[in-house]
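Read-outs throughout are calculated quantities, based only on the coordinates presented, and are distinct from any laboratory measurement. Predicted, not measured: the structure shown is a model, and the values here were computed from it. Heads up, the Cβs are rebuilt from the backbone with ideal geometry, glycines too, and the neighbour counts pull from every protein chain shown.
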Amino acid sequence: MVPPSEIWRAWLGEDAVPPPLDRFLSRQRADKDTFAAMGRATAWAATVAAALVPGAWAEDREGLLSQLRGLPPRDVLLAADACADRDAPRAIARAVSSLRSRLRDAPSWGAACVSHGVPAGWAAVMARRAALSGEGFVRRWLAAQCTRPPLWVRPREEAVVSLRAEGWKVEEFPDGSARVTGARGIETSSAFRTGKLEVQDRASQQVALLAVPRPGQVVWDVCAGRGGKTVLLGHALAGRGSLHATDTDEGKLAGLKQRVRRAGLADVVRVRAWAGEGVPAFGPEARRGFDVVLVDAPCSSTGTWRRNPDARLRMEPGDLARFAETQKRLVELGMGVVKKGGKLVYSTCSVAVEEDEDVVGTGALYGPPELDSDTLFGAVLSVP
Ligand SMILES: C[S@@+](CC[C@H](N)C(=O)[O-])C[C@H]1O[C@@H](n2cnc3c(N)ncnc32)[C@H](O)[C@@H]1O
């Protein structure tokens, strides 16, 4: 069993226990208030406890919290470690012994989840993925969730030369991605400021490559969000054709517009908010339909747990059915406007079969254990 404090330490560095939960929460909007109201120590107690006790978060939230409340986060982490047979003071050991007995009774995927810092409620989701992709895949995938992914970028033109000249270490890969390490934030680099580089996870880049259009084609990026994939597709058009980027979230689209301008793509990318129902009224160039439609669907984001470790505690497996319903609807909508000879690319950042193969039949997962990245699912649906 990987001691939970090791998981968080791997994330936060040797000196960061108790971890700066606030930093994570400041990046999240959902549930932030709940966590803030619980207080930092309790939130961490809950974090560790939820990772340790099968189903406890859902079953007996209050009971669990009262058991752990009052213990400083460091002690809760030690208590968690005691499950991995380390010494612990008696008070902590008492709290742990009940966690331990429940752990023993956990179903097998529950125990595997818990020992990798994933709440046991996800066991059934892991079991379905294992049935399709193999037990070894899921075990290695779970192990990857205990480590932090590196910074991936997509450099263009002279970006790599410029990054190296400014002190960054850059490893380039044949798919056009690059892994970057350095002491400063990448946003301070000249390559970033001049739009010669996009920060984008490697698996996300690989999925976007499935949807790359030819110059002159007409593209609809249905769930464009902040535009990670939009920019990659926009560059492929080489100044010809058009790319319509829509999303239901106007806040994200504001970020997308900025990104598109920085990348020098304002002439090919048309951005607009959309209610998510029915096909928007596009210009005459889309009258005969689209060559490429990308549905990068809203999902549970289980594939981003490495980057946002608290996300596994804020999403419930019960949410999958609701996402799947929206995903199926968006695919149907998109398929209705693909030209003959064109294609729809469907993607999620989820490892759950419920949101992937159940929605579109077949496809592939991109991510750990093969790639040191987030996990994305991608499928190409061609229209003959
Ligand atoms: C996976 S994210 C998109 C990420 C983006 N394509 C990128 O690569 O950076 C999914 C997006 O779907 C949007 N969304 C949520 N509900 C939607 C709906 N009913 N119809 C369309 N888009 C929706 C969300 O606002 C979110 O930006």
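Think of each Lys and Arg Cβ as +1 and each Asp and Glu Cβ as -1; about the Cα centre, that makes the dipole of the stretch 135-232 roughly 160 debye. When Lys and Arg each count +1 and Asp and Glu each count -1, what net charge do the other residues less than 13 Å away from residue 177, Cβ to Cβ, add up to? For residues surrounding residue 177, the net value is -3.
Take the Cα of residue 248, step 7 Å toward its Cβ, do the same at residue 173, and the gap between the two points is 3.1 nm. Straight-line reach from residue 196: which lysines fall under 29 Å, measuring Cα to Cα and dropping same-chain residues less than 8 apart? Those lysines meeting the cut-off are 169, 229, 252, 257, 343. Here the calculated FRET efficiency for residue 190 and residue 148, from their Cβ-Cβ distance with R0 = 25 Å, stands at 0.45, rounded to the nearest 0.05. For the stretch 194-211, backbone phi angles converted through the Karplus equation (6.51, -1.76, 1.60; θ = phi - 60°) give residue-by-residue couplings of 9, x, 9, 8, 10, 7, 7, 3, 5, 5, 5, 5, 5, 5, 4, 4, 5, 9 Hz, Gly and Pro being listed as x. Put a dot 7 Å past the Cα of residue 164, heading toward its Cβ, do the same for residue 132, and the two dots end up 4.1 nm apart.
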